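Below is one structure, written out as structure tokens, with a few remarks after it.
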Amino acid sequence: MTPDPVAITRAEVAHVAKLARLGLTADEIDRLTGELAGILIHARDMGELDFTGVEPTTHPLPLVNVVRPDEVEPTLDRDEVLTAAPEVEDNRFRVPRILEAP
Amino acid sequence: MDRAYEIAASVRSGERSAREVIDGYLDNVAARNDELNALLLVGADAARASADAIDAVVAQGKDPGPLAGVPVVLKDNLCQRGVPTTCGSRILEGWKPPYTATVVEAVIAAGGIALGKANLDEFAMGSSTENSAFGPTRNPHDPSRVPGGSSGGSAAAVAAEFAPLALGSDTGGSIRQPAALCGVVGVKPTYGRVSRYGLVAFASSLDQIGPFATSVSDAALLLDAISGHDRRDSTSIADQLIPVAPSLNEGVAGLRVGVIEELTNGEGVAPEVSAAVSAAAAALEAAGAIIEMVSLPSTQFGLSAYYMIAPAEASSNLARYDGVRYGLRVDGDDLSTMNERTRDAGFGAEVKRRIMLGTYALSAGYYDAYYGRAQRVRTLITRDFDRVYENCDVLLSPTSPTTAFKLGDRTADPMAMYQSDVCTIPTNLAGHPAMSLPWGKGADGMPVGVQVLAPALGEPTMFRAARVIEDAAP
């Protein structure tokens, strides 16, 4: 599972930007390719360690589900929340189209 | 310099009015905030109104609480209903939260006064406050130098006497490192001790809110006011917590103190910083503590693990800034184009770098090599701490390897900037508490910080050690 010596390629950076919904410019992709490579190469020092019998830690506390009684409680004020939205229609968030027009 | 507990005592007794107190601090803000850019928003009118309300409570013979009339600065990633909260980002410029963070409610319930919102690295990602979309904060001790980060505005505000207390957040050192660089006290509490409800999330398994103050006693006052279970934060600790203030002055006789070898004498640690840690250890020994050198070998991999885990969590947390429900929107013909344009225009370079790094570390084919290894390093670091705490009550190390650097010195090289966090990161990975307190000045005249670390919920002991160090500090 050791990544190849070229830590990350420009094409991979462009692909990751797509996954992360970042519309990066060509200049940003160029710069990030070098910067991410530097960080990833540093992170390879972890490969020296022996992880036999070492479980991953996802969280500092033993997490348990936290539930409350199923009772109606006050929620955020709808009008106040919608005031912060870029675009609103009929008490809903309005967004550009998601599907192609038929 | 007025202590918060003295202000509270004099306001509670009616000796001083809260209005007189807030006016004094607002004068300090007016005199120097343009130069330092520590505060992004000063709520002068609201603060004066709150002060008048506190004075009215006192006039009725009632007690406004342990923070009576004490001005408190809030890092601008803490929500207060109706008050603009930017996180130092264009993507949230002008956003007014519809709710208030639990810590802010706690400060106000204790009689504290929210004075303003402090500058920060965008979404708390950085070590110098140079990543703010609203310009860098400058160090009050030397404005050509950084205040540290990401809570640089909070640290600078306390150092410049804009307020006696401030709140920050610490994900990899973002309270302790700026506290060290600005010569004030900064505390990162045990994960889960303080509610994160209303803190804008960066890396949820690491983030913790904590106090800045000019003294250990004041930090104790604010920590006790904000600690405790909160049903709105499912990771908040449900057990009854032991407050730190009551045992503050009990001394360190017989306390076992370990000095962390790797962090104190490691590569890149300035000799004057190592010397400060040794001197602080000697002060504890003189007060009756037992000192030994301890080794935590896995901490040398902390930086690598942190810069996979924190960006991975950030890439997920920051997915919510999509131009749909709040914040910036840059239009596009379809939803994806709108999302991509909004996020490219709204986020700064460091935030993009971390989102990219985190998305990559979590992506198919690389998960095991980067994120998976980082989570196992986290286990090793926690085991190292557990082993050392079998024989030690608290640990000592530097907070930052160096004193405050010049603006622009590390902005060109992300790895050089990340090195600033090497001494503070292991604590966050383990979920433990740690605090920074000043120990004299370096050859450049800038403050040096020493760090006291403790096991989970070891804050009372950590504060006792810090009190002794504070009294002995040059």
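Output yes when any residue across region B:392-410 is under 28 Å from B:ALA465 (Cβ atoms), within 14 Å of chain A (Cβ to nearest Cβ) and not aliphatic (A, V, I, L, M), and no when none is.
The answer is no; no qualifying residue exists.
Condition (residue is over 26 Å from A:PRO62 (Cβ atoms), buried (at least 24 other Cβ atoms within 10 Å of the Cβ) and in contact with a Ser or Thr (Cβ under 7 Å, 6 or more places away or on another chain)) applied to region B:187-197: is it met by at least one residue?
No.
Out of curiosity, is A:ARG21 facing another protein chain (nearest Cβ under 7 Å) and either assigned to a helix (DSSP H, G or I) or surrounded by 12 or more Cβ atoms within 10 Å (Cβ to Cβ) (or both)?
yes
Quickly run through region B:354-366 and pick out the residues that are more than 7 Å from chain A (Cβ to nearest Cβ), assigned to a loop (DSSP other than H, G, I, E, B) and not aliphatic (A, V, I, L, M).
Of everything in region B:354-366, just one residue is more than 7 Å from chain A (Cβ to nearest Cβ), assigned to a loop (DSSP other than H, G, I, E, B) and not aliphatic (A, V, I, L, M), namely B:GLY365.
Check region B:325-343 and report whether any residue there is touching a residue at least 60 places away in the same chain (Cβ under 8 Å), under 24 Å from the mean Cα position of the chain (by Cα) and more than 7 Å from chain A (Cβ to nearest Cβ). Don't jump to the end; show me each part of the working.
Initial filter on region B:325-343 (touching a residue at least 60 places away in the same chain (Cβ under 8 Å)): B:326-328, B:342-343.
Those left that are additionally under 24 Å from the mean Cα position of the chain (by Cα): none.
Within region B:325-343, not a single residue is touching a residue at least 60 places away in the same chain (Cβ under 8 Å), under 24 Å from the mean Cα position of the chain (by Cα) and more than 7 Å from chain A (Cβ to nearest Cβ).
Please tell me if B:PHE212 is surrounded by 18 or more Cβ atoms within 10 Å (Cβ to Cβ), under 26 Å from B:VAL448 (Cα atoms) and either within 14 Å of chain A (Cβ to nearest Cβ) or among the acidic types (Asp, Glu) (or both).
Values: surrounded by 18 or more Cβ atoms within 10 Å (Cβ to Cβ): yes; under 26 Å from B:VAL448 (Cα atoms): yes; either within 14 Å of chain A (Cβ to nearest Cβ) or among the acidic types (Asp, Glu) (or both): no.
Considered against the rule, which asks whether it is surrounded by 18 or more Cβ atoms within 10 Å (Cβ to Cβ), under 26 Å from B:VAL448 (Cα atoms) and either within 14 Å of chain A (Cβ to nearest Cβ) or among the acidic types (Asp, Glu) (or both), B:PHE212 comes out as no.
Does B:GLY266 qualify as being in a loop (DSSP other than H, G, I, E, B) and either more than 8 Å from chain A (Cβ to nearest Cβ) or closer than 28 Å to A:GLU80 by Cβ (or both)?
On the way: in a loop (DSSP other than H, G, I, E, B): yes; either more than 8 Å from chain A (Cβ to nearest Cβ) or closer than 28 Å to A:GLU80 by Cβ (or both): yes.
Criteria met by B:GLY266.
Looking only at region A:84-91, decide whether some residue is of a type outside the set (Phe, Trp, Tyr), in a loop (DSSP other than H, G, I, E, B), at the interface with chain B (Cβ under 7 Å from one of its Cβ atoms) and at positive phi.
no
Picking from B:TYR360, B:TYR367, B:TYR389, B:TYR418, which residue would you name as being of a type in the set (Ser, Thr, Tyr), in contact with a Phe, Trp or Tyr (Cβ under 8 Å, 6 or more places away or on another chain), on the phi < 0 side of the Ramachandran plot and surrounded by fewer than 23 Cβ atoms within 10 Å (Cβ to Cβ)?
B:TYR418
Residue-wise test of (1) among the aliphatic types (A, V, I, L, M); (2) more than 8 Å from every other protein chain (Cβ to nearest Cβ); (3) assigned to a loop (DSSP other than H, G, I, E, B); (4) closer than 30 Å to B:ASP230 by Cβ.
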{"position": "A:ALA14", "(1), (2), (3), (4)": "yes, yes, no, no"}
{"position": "A:LEU40", "(1), (2), (3), (4)": "yes, no, no, no"}
{"position": "A:PRO62", "(1), (2), (3), (4)": "no, yes, yes, yes"}
{"position": "A:VAL67", "(1), (2), (3), (4)": "yes, yes, yes, yes"}
{"position": "A:LEU82", "(1), (2), (3), (4)": "yes, yes, no, yes"}
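Scan region B:367-387 and tell me whether some residue there is in a loop (DSSP other than H, G, I, E, B), within 28 Å of B:ASN131 (Cβ to Cβ), modelled with pLDDT under 95 and within 12 Å of another protein chain (Cβ to nearest Cβ).
Within region B:367-387, one or more residues are in a loop (DSSP other than H, G, I, E, B), within 28 Å of B:ASN131 (Cβ to Cβ), modelled with pLDDT under 95 and within 12 Å of another protein chain (Cβ to nearest Cβ).
Name the residue, out of B:ALA369, B:ALA319, B:ALA361, that is without any contact (Cβ under 8 Å) to a residue 12 or more places away in the chain, touching a Pro at 6+ places or on another chain (Cβ under 7 Å) and among the aliphatic types (A, V, I, L, M).
B:ALA369
Which is closer than 26 Å to B:GLY192 by Cα and crowded, with 23+ Cβ neighbours inside 10 Å, of B:GLY323, B:GLY302?
On inspection, the qualifying residue turns out to be B:GLY302.
Condition test on B:ALA275, is it part of a helix (DSSP H, G or I), in contact with a strand residue (DSSP E or B) (Cβ under 6 Å, 6 or more places away or on another chain) and small (Gly, Ala, Ser)? Can you show your working first?
Details: part of a helix (DSSP H, G or I): yes; in contact with a strand residue (DSSP E or B) (Cβ under 6 Å, 6 or more places away or on another chain): no; small (Gly, Ala, Ser): yes.
No, not satisfied.
Exactly one condition in (1) buried (at least 23 other Cβ atoms within 10 Å of the Cβ); (2) more than 8 Å from chain A (Cβ to nearest Cβ); (3) touching a helix residue (DSSP H, G or I) at 6+ places or on another chain (Cβ under 6 Å); (4) over 24 Å from A:ASP27 (Cα atoms) is not met by B:VAL351; state its number.
(4)
In region A:92-102, which residue that is more than 10 Å from chain B (Cβ to nearest Cβ) and under 24 Å from B:VAL330 (Cβ atoms) is surrounded by the most Cβ atoms within 10 Å (Cβ to Cβ)?
If we filter region A:92-102 for residues that are more than 10 Å from chain B (Cβ to nearest Cβ), which is where we start, we get A:92, A:101-102.
Within this subset, residues satisfying the condition of being under 24 Å from B:VAL330 (Cβ atoms) are A:92, A:101.
On the way: A:ARG92: 10, A:ALA101: 4.
Per the stated criteria, the residue is A:ARG92.
Just to be sure before I move on: is B:VAL194 within 21 Å of B:ALA276 (Cβ to Cβ) and modelled with pLDDT of 95 or more in the structure I sent? First the steps, then the outcome.
Details: within 21 Å of B:ALA276 (Cβ to Cβ): no; modelled with pLDDT of 95 or more: yes.
Spelling it out, it is not the case that B:VAL194 is within 21 Å of B:ALA276 (Cβ to Cβ) and modelled with pLDDT of 95 or more.
Considering each of B:GLY152, B:GLY135 in turn, give the residue that is surrounded by 24 or more Cβ atoms within 10 Å (Cβ to Cβ), closer than 18 Å to B:LYS406 by Cα and modelled with pLDDT of 95 or more.
The unique qualifying residue is B:GLY152.
Looking only at region B:100-127, which residues are in a loop (DSSP other than H, G, I, E, B), out of contact with any Phe, Trp or Tyr (no Cβ under 8 Å at 6 or more places or on another chain) and within 29 Å of B:CYS423 (Cβ to Cβ)?
Residues satisfying the conditions are B:LEU120, B:ASP121, B:GLY126.
Out of (1) more than 16 Å from B:SER169 (Cβ to Cβ); (2) touching an Asp or Glu at 6+ places or on another chain (Cβ under 6 Å), the odd one out for B:THR86 is which?
(1)
The values are calculated or read from the model by the stated rules, or taken from the named source; none is laboratory data. Computed from a predicted model, the values in this text were never measured in an experiment. Because the Cβ atoms are built from the backbone with ideal geometry, glycine has one as well, and the counts that use them run over all protein chains shown.
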